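To keep things clear, I will list the structure first and then write my remarks on it.
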Amino acid sequence: MPDWSRRRALQAVGTVTAVALAGCTQGGESADPPTRRHGDPVTDYDLLQVRDADATQLFWRGDPETAAGRVGAGYEYVDSASTLEDLTFASDSDAAGDLFAFASATDFDERSVLLVARPVAACYEAEFRGVWRDDDGLETAFCQQLRPADESCSREGEDAFGLALRVPFADAEFTSFGSHWSGDCGPKPVGIAEGRNSDGGGGGDA
C-alpha cells in the first residue's frame, strides 16, 4: 500500500463520516421504485458513500483500466487485510482515501466489506436503498433524482461515485455482485433493509 494510505488510515480510522452524495447512472436503468431484491435483506451493515468530481477511478486491482476520461466502475469484496493490500486507491482523491480508511477499520474476523465504484451524472442525486444476500453474492439497490434547480452542475459532467458496505459475515465465498438503480426516489418501501452510516448513526440513506 502507498505510504499516503497508511498515514490516512492512522488519521482517519474510526473517524470517517458518511458523505452526502449526488449522482445518477448512465443508461439502461429501470424507472421502477426499488423493492425487495433477490435474496435476504442484510440489516446489520455500516455504510460509507463518497463522490469525487475530479477522479476517474477510485480504486482498482492491478493496473488501472480507465479508458480516456471514462470513470471506472467495478466491485471488490474485501474479506481480509491481505485482500485489501492487493487493491490500489487513488492517491490524489480524498474520496478514495476515505474508502481505504473505512475498509482498514474493519475487523475481518467478524465482518467484510463490499466496495462499489461507478460513474454518476453531475446533475443527479443518488440514494442507497438496501443490500441483499444470496448464496453466491450481494445485490445493492439505489435510486436517483435530479438535483434541485438552484444547485449548479454541469449537464455533461460525470463524477466518480464510491460505496463501502461493512457487512456482518466474514466467511462468505461470494462470486456475484450487482446493483439495481431506479429512477424513482419515492418513499422507501416497507421491508427495505436499514443499516448505519459510518458515523454510527442514522439509517442507510445518503
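Laboratory data are not the source of any read-out in this text; all were calculated from the coordinates shown. What you see is a predicted model; the values in this text were computed from it and never measured. Every residue, glycine as well, gets a Cβ built from its backbone with ideal geometry; the counts of neighbours run over all protein chains shown.
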- prompt: How much net charge surrounds A122 when only other residues with a Cβ under 11 Å from its Cβ are counted (Lys, Arg +1; Asp, Glu -1)?
  reply: -2
- prompt: Under a Cβ-Cβ cut-off of 14 Å, what is the net charge of the residues other than D171 that fall near it, where Lys and Arg count +1 and Asp and Glu count -1?
  reply: -4
task: With label points built 7 Å along Cα→Cβ from the Cα atoms of S154 and A53, find their separation and express it in nm.
output: 0.9 nm
query: Quick one: if the Förster radius is 22 Å, what FRET efficiency do D109 and S176 give, using the C-beta to C-beta distance and rounding to 0.05?
result: 0.35
message: 7 Å from Cα along Cα→Cβ at both T43 and A81: what's the point-to-point distance in nm?
response: 3.3 nm
- prompt: Can you sort T88, T175, T83, T140 so the residue with the fewest Cβ neighbours within 10 Å comes first?
  reply: T175, T83, T88, T140
Where trypsin sites (Lys or Arg not before Pro) fall in DSSP loop in the stretch 126-156, at most 16 other Cβ within 10 Å: R155
- request: Taking the dipole about the Cα centre of the stretch 104-150, with the C-beta of Lys and Arg at +1 and of Asp and Glu at -1, give me whichever of A141, S104, V120 is farthest to the positive side.
  value: V120
